[in-house]
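This report concerns only the one structure given below.
The values are calculated or read from the model by the stated rules, or taken from the named source; none is laboratory data. No experiment lies behind these values; they were computed from the predicted model shown. Don't worry about glycine lacking a Cβ; one is built from the backbone with ideal geometry, like all the others, and counts go over all protein chains shown. The area values use the complete protein model at the heavy-atom level, side chains included, leaving out ligands, DNA and RNA. Shrake-Rupley method; radii C 1.70, N 1.55, O 1.52, S 1.80 Å.
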Amino acid sequence: MNIKKLGKLALPYLVWMLVLVGIPLLMIFILSFMNTDGVSFAGATWTTAAWEKMFTLADTTNLQILGYTFLTAFVATVICFLIGYPMAYIVARSPFSNKFVILILTIIPMWSNSLLRNVALKNILSESNILDSLLSRIGLSFSIVFANQDQATFISIVIGLVLTFLPFMILPIYTVIEKIDESLLEASMDLGANRVRTFAKVTFPLSMKGVTTGIIMVFLPCFSGFAIQKLLSSGTVYVLGSLIEVNYIHDINFVSMLSIVILVLIFGSMMIVNKVDKEGATLV
Amino acid sequence: MGVRKKEPGRITRYLRRPEVEKVLQSIANVLKYAFFAFFMFLMYLPIIVIAIQSFNESTGLIYQFTGFTFDHWKNVLTFNLDSSLMKAISTTLLVALLATGISTVLGTIIAIGIHSLPQKKRQGMVFLNQVPILNADIITGISLMFVFKIVAEVIPGVFGIPSLLIAHVFFCIPYVVLSVLPKLAELDDNLYDAALDLYCKPAVGITKVIIPAIMPGILTGMLIAFTMSIDDFLISFFNAGQVNNLSIYIYGGYNRRLAPEVYAYNTILSTVIIVALIAMYVSSSLKKRKNLKREPRHA
């Protein structure tokens, strides 16, 4: 097999990955336990100051930020799943001969700048908004009123995250449902299971691979991002990412520590994906 | 008791009558598509608002539609933009085009390499390839920033377009690799052997035999790479130095008003991409139809 000789083409990639992934990860880990001036190790000392800045009961501000970040990301992911699964299912099982077109429809929003979409969303969610201004010309009105500012901020952020990352939930789930062999469903029905039971015992377990990927692809950016949160709260809310944004120039050690918090989550999800989806078939 | 239990109740019996079941079925269908359409509409609502803003005459308040104008579109199409927006847009497009080109070529070569590895090594590389995709953008951004900070000690000018471009190539390659690998798996490895047996050099064998066969995968990867690159914020944010791309420009506007041309630019860009995709789709399905018509004659 001559093609086996082409394996060496992958070697530079290994080096490239080691330099751009391996070394920085090692640096992040070491820097989080140090007190350095930027990335230079001259005169640096070992310390757990960065960790204490986060996990201390004396000042729970940072812990509260962590909690808020987790809550928004969790709620957004759950909503994405509850909306995204049925949508993926509907497309995959639709009688239309051209599912490709419907699929493209779900991807098209991704070709608009995602931050600009959130700027527009902020406009829509404001009490006096552009839609209201337009609708008032024909005697209608449109305005969403929230009970208080905190609620408005939380709901806006969740809506922003859901609308931005929903396609990342729909696509992997669609991919797996589409591949499920229809004869399995027929077999289940022939053996007397009704539709609900067939879904619960056949379709859903077989789509778990896509669900896992979808959940990870939505939860991770929701948990680690900061731009959408800042845009929709006009800069009033801090999330984990904002702490990184504020400190990335002056306090590398604290930033490294925060990165590890996110990395722990990522590492866990990679283990899961590697277990359920060895060839990365649901990632694209 | 057991027998009576199996007998459906009056309501169930009513619901199971064929004509009732038919009505229920169509109600369920309507609800299903209403659900789908509603959330599709929600996903499109911000884009509709962006399009409305691109025609909004109001220069002061973005929450008021004062009148219809084509000025913003005209300004974008004649490149008559304020300098910071102009720079942001040109940086975004330059980096996206270069990064897409470079990562498509490199990603294809790497994918061929990975495909040719023995199974254990291949799985390892596939896993490694997934790292940048599964990794949170913010971690990728910080990681690359650390590397560039060290490099900057030697080459001071690295932060800016060079670091931005390398960063984008870095996160685009894995998508190309992932889209090409399945196509390689479908390919018959004997074809390449045959090419070499017929005295092809390996390079010619790759470009004349392997590449044409995996073209659809390469194009998909290219499209994903471009999509990721023009929209990226987080990785660019940490690696752009003093340069702004469009996302960074928009992010800077979280508490100030954006130049209205940004809405027009965004609408124009997505329209162009959509029209291009439709054209590609129509031409490919026309080709398919032609081939279908031809086949019987050959047979």
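Cβ contacts < 9 Å: first residue modelled with pLDDT under 75, restricted to the range A:85-105; second residue exposed (fewer than 14 other Cβ atoms within 10 Å of the Cβ) and not basic (Lys, Arg), any location; separation 6+ or different chain. Result?
Cβ pairs passing all conditions: A:Ile102/A:Phe96.
Output the helices (runs of 4 or more DSSP H) that fall wholly within the range A:193-249 and possess 2 or more residues being open to solvent by 10 Å² or more (accessible area, probe 1.4 Å) and touching a Pro at 6+ places or on another chain (Cβ under 7 Å), or say none. Lay out the reasoning, then the answer.
Details: elements: A:195-198, A:208-224, A:227-232, A:240-247.
Of the helices (runs of 4 or more DSSP H) lying wholly inside the range A:193-249, none has at least 2 residues that are open to solvent by 10 Å² or more (accessible area, probe 1.4 Å) and touching a Pro at 6+ places or on another chain (Cβ under 7 Å).
Using the structure shown, decide if B:Leu97 is among the hydrophobic types (A, V, I, L, M, F, W, C), more than 12 Å from chain A (Cβ to nearest Cβ) and closer than 30 Å to B:Glu186 by Cβ.
Numbers: among the hydrophobic types (A, V, I, L, M, F, W, C): yes; more than 12 Å from chain A (Cβ to nearest Cβ): yes; closer than 30 Å to B:Glu186 by Cβ: yes.
When the stated conditions are applied, B:Leu97 passes them.
Can you tell me which residue among B:Ala259, B:Ala264 is of a type in the set (Gly, Ala, Ser) and outside any loop (DSSP other than H, G, I, E, B)? Don't jump to the end; show me each part of the working.
On the way: B:Ala259 fails: outside any loop (DSSP other than H, G, I, E, B).
The unique qualifying residue is B:Ala264.
Of all the residues that make up the range A:100-133, how many are assigned to a helix (DSSP H, G or I) and farther than 18 Å from B:Met228 by Cα? So that I can check it myself, show each step before the final result.
Residues of the range A:100-133 assigned to a helix (DSSP H, G or I): A:100-111, A:114-125, A:130-133.
Okay, now just the ones that are also farther than 18 Å from B:Met228 by Cα, so A:100-102, A:119-125, A:130-133.
Qualifying residue count, the range A:100-133: 14.
Can you work out which of the residues in the range B:46-78 that are under 26 Å from the mean Cα position of the chain (by Cα) and either closer than 17 Å to A:Gly84 by Cα or away from chain A (no Cβ under 12 Å) (or both) is most open to solvent (accessible area, probe 1.4 Å)? Write out each step before concluding.
Initial filter on the range B:46-78 (under 26 Å from the mean Cα position of the chain (by Cα)): B:46-54, B:73, B:76-77.
Next cut, either closer than 17 Å to A:Gly84 by Cα or away from chain A (no Cβ under 12 Å) (or both) only: B:73, B:76-77.
Numbers: B:Trp73: 55, B:Val76: 16, B:Leu77: 110 Å².
Per the stated criteria, the residue is B:Leu77.
Please indicate, with yes or no, whether at least one residue in the range B:84-91 is within 27 Å of the chain's Cα centre (by Cα), more than 28 Å from A:Trp16 (Cα to Cα), charged (D, E, K, R) and in a helix (DSSP H, G or I).
Scanning the range B:84-91, I find at least one residue that is within 27 Å of the chain's Cα centre (by Cα), more than 28 Å from A:Trp16 (Cα to Cα), charged (D, E, K, R) and in a helix (DSSP H, G or I), so the answer is yes.
For every residue, the table says whether it meets (1) in the same structural domain as B:Pro174 (by TED's automatic domain parsing); (2) closer than 30 Å to B:Ile161 by Cβ; (3) touching a residue at least 60 places away in the same chain (Cβ under 8 Å); (4) under 15 Å from the mean Cα position of the chain (by Cα).
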{"residue": "B:Ala194", "(1), (2), (3), (4)": "yes, no, no, no"}
{"residue": "B:Tyr199", "(1), (2), (3), (4)": "yes, no, no, no"}
{"residue": "B:Pro202", "(1), (2), (3), (4)": "yes, no, no, no"}
{"residue": "B:Ile206", "(1), (2), (3), (4)": "yes, no, yes, no"}
{"residue": "B:Ile210", "(1), (2), (3), (4)": "yes, no, yes, no"}
{"residue": "B:Ala213", "(1), (2), (3), (4)": "yes, no, no, no"}
{"residue": "B:Leu223", "(1), (2), (3), (4)": "yes, yes, no, yes"}
{"residue": "B:Phe226", "(1), (2), (3), (4)": "yes, yes, yes, yes"}
{"residue": "B:Asp231", "(1), (2), (3), (4)": "yes, yes, no, yes"}
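Please find, within the range B:176-197, the residue that is farthest from B:Gln119 (Cα to Cα) out of those that are within 12 Å of chain A (Cβ to nearest Cβ) and open to solvent by 40 Å² or more (accessible area, probe 1.4 Å).
B:Asp197
Go through (1) surrounded by fewer than 17 Cβ atoms within 10 Å (Cβ to Cβ); (2) within 14 Å of chain B (Cβ to nearest Cβ); (3) within 22 Å of A:Gly241 (Cα to Cα) for A:Pro86 and report which single condition fails.
The single condition A:Pro86 does not satisfy is (3).
Would you check which residues across the range A:132-146 are open to solvent by 20 Å² or more (accessible area, probe 1.4 Å) and facing another protein chain (nearest Cβ under 7 Å) and list them? Spell out how you get there, then give the answer.
Of the range A:132-146, the ones open to solvent by 20 Å² or more (accessible area, probe 1.4 Å) are A:132, A:134-146.
Of everything in the range A:132-146, just one residue is open to solvent by 20 Å² or more (accessible area, probe 1.4 Å) and facing another protein chain (nearest Cβ under 7 Å), namely A:Leu134.
Any residue that is in contact (Cβ under 8 Å) with a residue 12 or more places away in the chain and either under 28 Å from B:Val131 (Cα atoms) or away from every other protein chain (no Cβ under 14 Å) (or both) - is there at least one of those in the range A:7-27?
Quick first cut of the range A:7-27, residues in contact (Cβ under 8 Å) with a residue 12 or more places away in the chain only: A:25, A:27.
Keeping just the survivors that are either under 28 Å from B:Val131 (Cα atoms) or away from every other protein chain (no Cβ under 14 Å) (or both) gives A:25, A:27.
Scanning the range A:7-27, I find at least one residue that is in contact (Cβ under 8 Å) with a residue 12 or more places away in the chain and either under 28 Å from B:Val131 (Cα atoms) or away from every other protein chain (no Cβ under 14 Å) (or both), so the answer is yes.
Output the residue which, of all residues in the range B:206-232 that are over 30 Å from B:Ala136 (Cα atoms) and more than 8 Å from every other protein chain (Cβ to nearest Cβ), is surrounded by the most Cβ atoms within 10 Å (Cβ to Cβ). First the steps, then the outcome.
Kept after step one, since they are over 30 Å from B:Ala136 (Cα atoms), are these residues of the range B:206-232: B:206-213.
Then keep just the ones that are more than 8 Å from every other protein chain (Cβ to nearest Cβ); that gives B:207-213.
Numbers: B:Thr207: 12, B:Lys208: 12, B:Val209: 18, B:Ile210: 24, B:Ile211: 14, B:Pro212: 9, B:Ala213: 15.
Of everything passing the filter in the range B:206-232, B:Ile210 is surrounded by the most Cβ atoms within 10 Å (Cβ to Cβ).
Hey, does the range B:268-285 have a residue that's touching a residue at least 60 places away in the same chain (Cβ under 8 Å) and surrounded by fewer than 19 Cβ atoms within 10 Å (Cβ to Cβ)?
Within the range B:268-285 (the criterion being touching a residue at least 60 places away in the same chain (Cβ under 8 Å) and surrounded by fewer than 19 Cβ atoms within 10 Å (Cβ to Cβ)), the answer is yes, since at least one residue qualifies.
Looking only at the range B:112-133, which residues are over 14 Å from A:Met17 (Cα atoms), open to solvent by less than 40 Å² (accessible area, probe 1.4 Å) and not hydroxyl-bearing (Ser, Thr, Tyr)?
Correct list: B:Ile112, B:Gly113, B:His115, B:Leu117.
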